[in-house]
Amino acid sequence: MTATDPVKLMKQEVGKAAALLVKSGSIVGLGTGSTTAYTIQYLGDRLKSGELKDIVGIPTSFQSEVLAKEYGVPLTTLDAVDHIDIAIDGADEVDPQKNLIKGGGAAHTREKVVDYLASQFVVVVDSGKLVDRLGSVFAVPVEVIPMAITPVTNAIKQLGGKPELRMGVKKAGPVITDQGNFVLDVRFDSIDDPVNLEKILNNIPGVLENGIFVNCADVVLVGEVVDGQPVVRQL
């Protein structure tokens, strides 16, 4: 990838725009994924230059923890703080009501804990993630404890979902989350009521958390390539 690759440039610009919303003295939720990785990198740059001071990050995954250490963003845990000022995270789908599907990186459980706690939740995406209706493109990830995988699969089928166990890449067998669980990717013909579906899925015994995020996003920053140039707009 050269620096002139417009898609990569656009992801960098969206990540940077989100990092610019962080003020000195903030507790920051650090999301997971390729665009948020640029946010973490840019937060590190702002700290190094002295433009930003006294921030601490709360990582949502091993990935964001590793990146924060690499770029010099100090970390803390939820045990040590009583609030989060701002969380920045990606999404796999965003609907016009700013409801999201997350979990393409299998980190949605920790992301949900952090993102819902934040006073301001900023979502960074490219325009390809915008949909009229959730579930149009992306399956709903559901994190399941391993011993419950069969009953949960059956329960989801009864709800009209089509669950598929997510398999590893460069690893034989299923994906294992940071919590040591499995992920079912569930397709629904249509998700008419995401608020209700989120609750129904989480009520199935053995389900830890699903990737539907409702009434959570405050700001959605959308990157797109226009005439070969990266542009960032707010939804």
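The values are calculated or read from the model by the stated rules, or taken from the named source; none is laboratory data. All values derive from a computational prediction rather than experimental measurement. We place every Cβ from the backbone using ideal geometry, glycine too, and count neighbours over all the protein chains shown. These accessible areas exclude ligands, DNA and RNA; they are computed on the full protein's heavy atoms, side chains included. Shrake-Rupley method; radii C 1.70, N 1.55, O 1.52, S 1.80 Å.
For the range 140-208, report the accessible area per residue in Å² (1.4 Å probe, heavy atoms, rounded to an integer). Could the numbers behind the result be given before it?
Numbers: 3820 Å² over 69 residues.
Result: 55 Å² of accessible area for each residue.
In degrees between 0 and 90, to the nearest 10, how far off the longest principal axis of the chain does helix 62-71 point, with axes built from Cα atoms?
10 degrees
Calculate log10 I(q)/I(0) of the range 140-208 for q = 0.17, 0.22 Å⁻¹, where I(q) comes from the Debye formula with a single equal point scatterer on each Cα and nothing for solvent.
-0.58, -0.92
Assuming a ≥ b ≥ c are the square roots of the Cα gyration tensor eigenvalues, decide whether the range 1-63 counts as rounded (a/c under 1.5), prolate (otherwise, with a/b larger than b/c) or oblate.
Details: a/c = 2.42, a/b = 1.50, b/c = 1.61.
Oblate shape, in that a/c is at least 1.5 and b/c is the bigger or equal ratio.
Could you give the dipole magnitude of the chain about its Cα centre, charging the beta-carbon of Lys and Arg +1 and that of Asp and Glu -1, in debye to the nearest 20? Write out the running numbers ahead of the final one.
On the way: 22 positive and 30 negative charges, 82 e Å.
Roughly 400 debye for the chain.
If I build a Gaussian network model for the chain, linking alpha-carbon pairs within less than 10 angstrom, which residue out of Ala80, Ala139, Ala107 has the largest mean-square fluctuation?
Looking only at Ala80, Ala139, Ala107, the biggest GNM fluctuation is shown by Ala80.
Kindly provide the pair-distance distribution of the chain built from C-alpha pairs, with 5 Å bins from 0 and whole-percent values in order of increasing distance.
Reading upward from the zero bin: 1, 7, 14, 18, 19, 16, 13, 8, 4, 1, 0, 0.
Going by alpha carbons, how many degrees (0 to 90, nearest 10) lie between the helix axis of 149-158 and the longest principal axis of the chain?
80 degrees
At a 1.4 Å probe radius, carbon and sulfur cover how many percent of the accessible area of the range 29-169?
Numbers: 3390 of 6160 Å².
Roughly 55 percent of what the probe reaches on the range 29-169 is carbon or sulfur.
Assigning unit charges at the beta carbon (Lys, Arg +1; Asp, Glu -1) and nothing else, what dipole magnitude in debye, to the nearest 20, does the range 140-208 show about its Cα centre? Write out the running numbers ahead of the final one.
On the way: 7 positive and 8 negative charges, 64 e Å.
Using Cβ point charges on Lys, Arg, Asp and Glu, the range 140-208 gives about 300 debye.
For the pairs Lys8/Lys53; Lys8/Lys69; Lys102/Lys157; Lys16/Lys112, flag any whose C-alpha to C-alpha distance is greater than 25 Å. Working shown, then result.
Details: Lys8/Lys53 28 Å; Lys8/Lys69 22 Å; Lys102/Lys157 21 Å; Lys16/Lys112 22 Å.
From Lys8/Lys53; Lys8/Lys69; Lys102/Lys157; Lys16/Lys112, over 25 Å: Lys8/Lys53.
At what distance in angstrom do the alpha carbon centres of the range 135-204 and the range 1-74 lie from each other?
Each part's Cα centre sits 29 Å from the other's.
For the chain, find the longest principal axis of its Cα atoms and tell me its angle to the long axis of helix 6-19, 0 to 90°, nearest 10.
The helix 6-19 is inclined about 80 degrees to the chain.
When we measure straight from the Cα of Lys11, which aspartates and glutamates land under 13 angstrom away, once same-chain ones fewer than 8 places off are left out?
In chain and number order, the partners are Asp89, Asp126, Glu224.
So which residue, out of Phe121, Phe138, Phe62, gets the largest mean-square fluctuation from a GNM of the chain using Cα contacts under 10 Å as springs?
Phe62
Return the single residue from Asp79, Asp54, Asp218 with maximal mean-square fluctuation; model: Gaussian network over the chain, springs between Cα atoms under 10 Å.
Asp79
Counting Lys +1, Arg +1, Asp -1, Glu -1, what net charge surrounds Thr109 among other residues with beta carbon under 9 Å of its beta carbon? Could you put the intermediate results ahead of the total?
On the way: positive: Arg110, Lys112; negative: Glu111, Glu143, Asp178, Glu209.
Overall, the nearby charge balance is -2.
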